[in-house]
Amino acid sequence: MAAAQSESNHTSIVEEGESHVAEVRGGWVLYQGCWLRSHNVQSVMLVQERFKARPDDTFLVTFPKCGTTWLKALAFTVTNRFRHAATSEDHPLLTQHPQDLVSFLEMPYRQLHPLADLEKLASPRLLATHMPITLLPPCVSNLGCRVVYLCRNPKDVFVSLWHFTNKVGADYTTPMDQAFELFSDGVSPYGPIWEHNLGFWKKYTAESDNVLFLKYDDMMAEPVKHVKMLAKFLCAPFTEQEVSYGVVEDVVHLCSFDKLKSIPINSSGETDRIGGLPMANSSYFRTGKVGDWANHLTEEMSKKLDDIVEEKLRGSGLTF
Ligand SMILES: Nc1ncnc2c1ncn2[C@@H]1O[C@H](COP(=O)(O)OS(=O)(=O)O)[C@@H](OP(=O)(O)O)[C@H]1O
């Protein structure tokens, strides 16, 4: 995800040819209803123009900070477990960061790294994206590509995002109250978060065979149940024998926050996964807790975001 730069509350309207960039606020631009950094807009436009989906592609879709790293680790481990048992001493997760085991569609920025990299991947491909449904190239829907969508309580998302963006570089420090105002207005990477959630919720309710809709808090509460659901959706269901041998628990353990955080590749060093912005590998692992918002938000902030989200999601059937 793109990190936040210094903010101002200046709002202005700009025209950028036919690219539908409608509004600028601080360092953010509103592109086709989605707030992005301008470098990210260029990347998304390239993806929209040139990405060729395949019918057997599966997309792991998340709003930033909703558990992308975890979902990538789980989906990779589940679908590759016949080559790499979760208990094997040379499992790829022991030497590679989970973020690097499943490629992002729009990152690193495609004007810097060719989309052709994705064409080299063998089918069936697992691809990740933070793009809302409105920005995904139409071929993804037209070809019936499947989607695993993982969402999270927006209050925990905000807190996670704020810590992340303040960790990744000296120029990215934004006071929490300013960041909160922007987030509450929908201005954050790939925001508004409620539009992101609603877009995939509607797709899920319309075509439940094609979408697995997951919530971070539910997965944390019942990981074994959800990993079984994920495996089934990814056409790699666990056999009865695997279940009786504890293979599901092995996957859950390998991909758990504590285990992944302790692996040297995840706890040290830095990598540029965006384009020109190296980030500590450890910055993807903070607390991994449900409800950490209570340690950071005032009662007033909590109520404000609850009220906004409740109003935006009202009538949809989606709740947090
Ligand atoms: N294995 C595992 N299990 C549970 N939770 C995990 C795991 N790995 C990372 N995390 C927590 O997920 C948060 C980071 O979100 P993302 O991975 O979506 O970040 S990113 O958008 O890809 O940059 C961030 O949440 P917070 O701890 O609340 O900040 C991470 O700590």
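A compact table of results
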read-out: Answer residue from the range 261-273, given it is part of a helix (DSSP H, G or I) and in contact with a His (Cβ under 9 Å, 6 or more places away or on another chain) and is farthest from Arg37 (Cα to Cα) among those; value: Ile265
read-out: Whichever residue in the range 305-320 is in contact (Cβ under 8 Å) with a residue 60 or more places away in the chain and not in a loop (DSSP other than H, G, I, E, B) and, among such residues, is nearest to the ligand (Cβ to nearest atom); value: Leu305
read-out: Residue that is nearest to Gly291 (Cα to Cα), among those in the range 230-255 that are open to solvent by less than 90 Å² (accessible area, probe 1.4 Å) and assigned to a loop (DSSP other than H, G, I, E, B); value: Cys255
read-out: Pairs, first assigned to a loop (DSSP other than H, G, I, E, B) in the range 105-118, second modelled with pLDDT under 95 and of a type in the set (Val, Ile, Thr), C-beta under 7 Å, six or more apart; value: Met107/Ile274; Pro108/Ile274; Tyr109/Ile274
read-out: All positions within the range 274-304 that are part of a helix (DSSP H, G or I) and open to solvent by 70 Å² or more (accessible area, probe 1.4 Å); value: Asn295, Glu299, Glu300, Lys303, Lys304
read-out: Unmet criterion (only one of (1) touching a Cys at 6+ places or on another chain (Cβ under 9 Å); (2) β-branched (Val, Ile, Thr); (3) open to solvent by 30 Å² or more (accessible area, probe 1.4 Å)) for Val227; value: (3)
read-out: Restricting the range 127-140 to residues that are of a type outside the set (Val, Ile, Thr) and touching a strand residue (DSSP E or B) at 6+ places or on another chain (Cβ under 9 Å), the residue that is nearest to Thr79 (Cα to Cα); value: Leu127
read-out: Residues within the range 50-80 that are in contact (Cβ under 8 Å) with a residue 24 or more places away in the chain, more than 8 Å from the ligand (Cβ to nearest atom) and open to solvent by 10 Å² or more (accessible area, probe 1.4 Å), tallied; value: 10
read-out: Asp258 being within 10 Å of the ligand (Cβ to nearest atom) and surrounded by fewer than 16 Cβ atoms within 10 Å (Cβ to Cβ); value: yes
read-out: Residue satisfying condition, being in a helix (DSSP H, G or I) and crowded, with 16+ Cβ neighbours inside 10 Å, within set Leu135, Leu127, Leu93; value: Leu93
read-out: Condition check for Glu242: over 30 Å from Lys167 (Cβ atoms) and without any contact (Cβ under 8 Å) to a residue 40 or more places away in the chain; value: yes
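A quick yes/no check of all residues on (1) more than 23 Å from Tyr216 (Cα to Cα); (2) of a type in the set (A, V, I, L, M); (3) out of contact with any Lys or Arg (no Cβ under 6 Å at 6 or more places or on another chain); (4) within 13 Å of the ligand (Cβ to nearest atom):
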{"position": "Gly144", "(1), (2), (3), (4)": "yes, no, yes, no"}
{"position": "Leu150", "(1), (2), (3), (4)": "no, yes, yes, yes"}
{"position": "Leu161", "(1), (2), (3), (4)": "no, yes, no, yes"}
{"position": "Asp177", "(1), (2), (3), (4)": "yes, no, yes, no"}
{"position": "Phe183", "(1), (2), (3), (4)": "no, no, yes, no"}
{"position": "Tyr190", "(1), (2), (3), (4)": "no, no, yes, yes"}
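The values are calculated or read from the model by the stated rules, or taken from the named source; none is laboratory data. These numbers come from a predicted model, not from an experiment. Neighbour counts are summed over all protein chains in view; Cβ atoms, including those assigned to glycine, are modelled from backbone coordinates with ideal geometry. What goes into the accessible areas is simple: the full protein's heavy atoms, side chains included, and nothing from ligands, DNA or RNA. Shrake-Rupley method; radii C 1.70, N 1.55, O 1.52, S 1.80 Å.
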